[in-house]
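Student: Okay, here's the structure, questions in a sec.
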Amino acid sequence: MLIKEYQSRDRCQPQRSLNQLMAIYEANYRRLKHLIPALTQIADRAISTSSDDLDLHLQIEDRSTYTTILTLTYLFDDGSVADPAARIRIYHDARVAEVEACRFRQPLPFTRIARPGVKLPVLEWKWEINVFLEKWLLYCIEQGHLFDLESVIGQPAAG
């Protein structure tokens, strides 16, 4: 009985492979392009407002022909607490986006990310943090967030 339960549980969890991680990166890229359709023209700092959610803050940290590095976050309290704060690298030529770093005020209940004393192998960490981004981006889109040139608070980027 115990062996069957273990095997059954094992089959339910997807195998975490590099190919599947790349598929998550591709999904994150598509969601970011939906959320920020004018990525190359948007201001270095922008805010998306939604009547159903907190303001979503975007900061472009670096732009080049092939990559963009940005941070997405909500700001709490007096604007000094960013949670989560996801630093994302977008590879335009490969059409993928990956989380480079992410800060949380407290551990997320559904993941092992940011739990005190838990050190994950690199592939596991990348898997969990990028699945988190995938879900968060979908949530932001469902809440009506959009960083387009007409609706954001911020100035168009120089160039």
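The values are calculated or read from the model by the stated rules, or taken from the named source; none is laboratory data. Predicted model only: the values in this text are computed from it and were never measured. All Cβ positions, even for glycine, are placed from backbone atoms using ideal geometry, and neighbour counts span all protein chains on display.
Student: Just one of Asp78, Asp44, Asp93 is modelled with pLDDT of 90 or more, of a type outside the set (A, V, I, L, M), out of contact with any Cys (no Cβ under 6 Å at 6 or more places or on another chain) and more than 21 Å from Tyr25 (Cα to Cα); which is it?
Tutor: Values: Asp78 fails: modelled with pLDDT of 90 or more; Asp93 fails: more than 21 Å from Tyr25 (Cα to Cα).
Matching residue, one of Asp78, Asp44, Asp93: Asp44.
Student: For the range 130-143, indicate whether the set of residues that are at pLDDT below 90 and either in a loop (DSSP other than H, G, I, E, B) or over 15 Å from Arg31 (Cα atoms) (or both) is non-empty.
Tutor: No, the range 130-143 has no match at all.
Student: Kindly list the number of the only condition in (1) modelled with pLDDT under 90; (2) in contact with a Cys (Cβ under 7 Å, 6 or more places away or on another chain) that fails for Leu35.
Tutor: (1)
Student: Then there's this: Cβ-Cβ distance below 9 Å, separation of 6 or more or different chains: which pairs start in the range 10-23 with a residue that is under 14 Å from Trp125 (Cα atoms) and of a type in the set (A, V, I, L, M, F, W, C) and end on one that is assigned to a helix (DSSP H, G or I) and modelled with pLDDT of 70 or more?
Tutor: Pairs that qualify, where the first residue is under 14 Å from Trp125 (Cα atoms) and of a type in the set (A, V, I, L, M, F, W, C) and the partner is assigned to a helix (DSSP H, G or I) and modelled with pLDDT of 70 or more, are Leu18/Leu123; Leu21/Leu123; Leu21/Lys126; Leu21/Trp127; Leu21/Asn130.
Student: Continuing with this model, one more query. Select from the range 81-90 the residues that are of a type in the set (A, V, I, L, M) and more than 23 Å from Met22 (Cβ to Cβ) and write down the one among them that is modelled with the highest pLDDT.
Tutor: Top of the filtered list is Ala85.
Student: When Thr73 is evaluated against the numbered criteria (1) surrounded by 14 or more Cβ atoms within 10 Å (Cβ to Cβ); (2) of a type outside the set (Lys, Arg); (3) in contact with a His (Cβ under 7 Å, 6 or more places away or on another chain); (4) modelled with pLDDT of 95 or more, which criterion, by number, is the only one it fails?
Tutor: (4)
Student: Please indicate, with yes or no, whether at least one residue in the range 96-119 is modelled with pLDDT of 90 or more and either over 26 Å from Gln20 (Cβ atoms) or hydroxyl-bearing (Ser, Thr, Tyr) (or both).
Tutor: For the range 96-119, residues modelled with pLDDT of 90 or more and either over 26 Å from Gln20 (Cβ atoms) or hydroxyl-bearing (Ser, Thr, Tyr) (or both): absent.
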